[in-house]
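The values are calculated or read from the model by the stated rules, or taken from the named source; none is laboratory data. A quick note: this is a predicted structure, and the numbers were derived from the prediction, not measured. Cβ placement follows ideal geometry from the backbone for every residue including glycine, while neighbour counts extend to all protein chains displayed.
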Amino acid sequence: MQILKDEVREEIEKAAIEVFLEKGFERALMQNMAEKAKVSASNIYNYFESKEKLFAVIVDPVYCQINQLMQGFMEYETGRSFTDSGFVEGFVQTVAKGTGRFIKENHLRLLLIFDKSRGTQYEQFKENLIEFLEQHLKSSLKDSRLNESASFIMHISATNLIEGLLEIIRHYKSDAWVENSVNDFIKYHIRGLAQFFD
């Protein structure tokens, strides 16, 4: 009996992902998800007490993984010099491979958290992520380089990185396409940024 319950829960989650992607959080109804999962509307509440909880169950693991991924990349670069071309190339490969794999494994959930989360606790996630990345870039600049112009370039770079990756997620064509697109975009982005950290 437990196996059946797990299967029903999985079907509800799969149906919810489809409905949230189609309608967004605000317009999605539990009734739509129940119909798509082929369960009764009342039964869906035995598994998820609200639409908010269901959305959180779907996207929270990705939210946590994004934060872990960012921390891992930042730890990798700590104490390293962007004047070292070997480090820059290794960093490009590490970031590209990790980001590409993450997108391939989670692209639908990433679309939900970035594009379909209005009305949820995650609706400011993209803006918060950009701000976090911007602050990290600014703190990595030497004091002598942190002028008004460089500070604004760090804002643009953080925004460009997140928006660029989001465009790759939105236009997902295949796993191979994602790998190539992420690799090229990360290479372009990090090599461009490296000039500010010499």
Seminar exercise, completed: If we keep only residues of the stretch 26-39 that are touching a helix residue (DSSP H, G or I) at 6+ places or on another chain (Cβ under 6 Å) and not aliphatic (A, V, I, L, M), then the residue farthest from TYR122 (Cα to Cα) is LYS36
For this session: Output the helices (runs of 4 or more DSSP H) that fall wholly within the stretch 1-108 and possess 3 or more residues being in contact (Cβ under 8 Å) with a residue 24 or more places away in the chain and either of a type in the set (S, T, N, Q) or assigned by TED's automatic domain parsing to the domain that holds ALA158 (or both), or say none.
Result: 51-77
For this session: Report yes if some residue within the stretch 85-104 is under 28 Å from TYR45 (Cβ atoms), of a type outside the set (Val, Ile, Thr) and modelled with pLDDT of 95 or more; otherwise report no.
Result: no
Seminar exercise, completed: Residue hits (the stretch 137-192; assigned to a loop (DSSP other than H, G, I, E, B) and either among the aromatic types (Phe, Trp, Tyr) or closer than 17 Å to PHE73 by Cα (or both)) are LEU141, TYR172
Problem set entry | Residue among VAL95, VAL88, VAL19 that is buried (at least 18 other Cβ atoms within 10 Å of the Cβ) and either in contact with a Leu (Cβ under 6 Å, 6 or more places away or on another chain) or farther than 25 Å from PHE125 by Cβ (or both) | VAL88
Exercise. Taking into account only those residues within the stretch 126-151 that are modelled with pLDDT of 90 or more and among the hydrophobic types (A, V, I, L, M, F, W, C), which is surrounded by the fewest Cβ atoms within 10 Å (Cβ to Cβ)?
Worked result: PHE132
